[in-house]
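Before any comments, here is the structure.
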Amino acid sequence: MEPRISIVTLGVKDLRRSYEFYHLGLGFPTTRNPDQEIIFFQLQGVCLALYPLDKLALDVSPDLSSERSPFSGMTLAHNTRTKSEVDRILRRAEEAGGKILKTARIAEWGGYSGYFSDPDGYLWEVAWSADWQFNDDGSLVIE
């Protein structure tokens, strides 16, 4: 298996609301709309998909519940090139309907980060570190 994630799919309760949050609120690019039942956002290095939560659970297994706990043990991360971007992105997420769970602050690992949740409760960390470098395609250099 090649070490790659191609698509991250979020099961959402209201496809239109989530489309508006990610596309109109955060500015994620897409050529799709909620009437097409699935939304794909082509991000740098990975595709983010939105799909109705009940249909996603059914696709995995007819016995799987579509109920989610507030903390799934997973977060998504957006790493920034500048410290000021962290605050700007957190504000934008809140203005788009997200909820700030942790205001940006100096992290114990030395960087600067905060967390927001999207309308379905998916957790996003927005983080910056002076030590990070980025590839030309915007992906984080991991050594």
Check: Among the residues of the stretch 122-143, which ones are surrounded by 11 or more Cβ atoms within 10 Å (Cβ to Cβ) and more than 18 Å from the chain's Cα centre (by Cα)?
Finding: Ser129, Trp132, Phe134, Asn135
Next item on the list: Hey, can you tell me all the residues within the stretch 5-34 that are in contact (Cβ under 8 Å) with a residue 24 or more places away in the chain, among the polar types (S, T, N, Q) and surrounded by 14 or more Cβ atoms within 10 Å (Cβ to Cβ)?
Entry: Thr9, Ser18
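Out of all the residues in the stretch 52-66, which are touching a helix residue (DSSP H, G or I) at 6+ places or on another chain (Cβ under 9 Å) and surrounded by fewer than 16 Cβ atoms within 10 Å (Cβ to Cβ)?
Leu64, Ser65, Ser66, listed by residue number.
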Margin query: modelled with pLDDT of 95 or more and closer than 28 Å to Asp137 by Cβ: which single residue out of Arg92, Arg105, Arg4 fits that description?
Written below: Arg92
Next item on the list: Kindly indicate whether Pro62 is touching a Gly at 6+ places or on another chain (Cβ under 6 Å) and assigned to a loop (DSSP other than H, G, I, E, B).
Entry: no
Notebook entry, point to check: Would you pick out the residues in the stretch 1-44 that are touching a helix residue (DSSP H, G or I) at 6+ places or on another chain (Cβ under 6 Å) and either outside any strand (DSSP E or B) or not hydrophobic (A, V, I, L, M, F, W, C) (or both)?
Noted result: Gly11, Lys13, Leu15, Arg16, Tyr19, Phe28, Thr30, Pro34
Next item on the list: Please find, within the stretch 74-121, the residue that is nearest to the chain's Cα centre (by Cα) out of those that are under 17 Å from Gly27 (Cα atoms) and assigned to a loop (DSSP other than H, G, I, E, B).
Entry: Asp118
Next item on the list: Only residues in the stretch 99-110 that are in the same structural domain as Ser129 (by TED's automatic domain parsing) and closer than 14 Å to Asp87 by Cα count as the first member; pair them with residues that are in a strand (DSSP E or B) and among the β-branched types (Val, Ile, Thr), Cβ under 9 angstrom, at least 6 apart or cross-chain, and list the lot.
Entry: Ala104/Val126
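The values are calculated or read from the model by the stated rules, or taken from the named source; none is laboratory data. Here the structure is a predicted model, which is why all the values come from computation and not from measurement. Cβ sites come from the backbone with ideal geometry, for glycine too, and all protein chains shown count toward neighbours.
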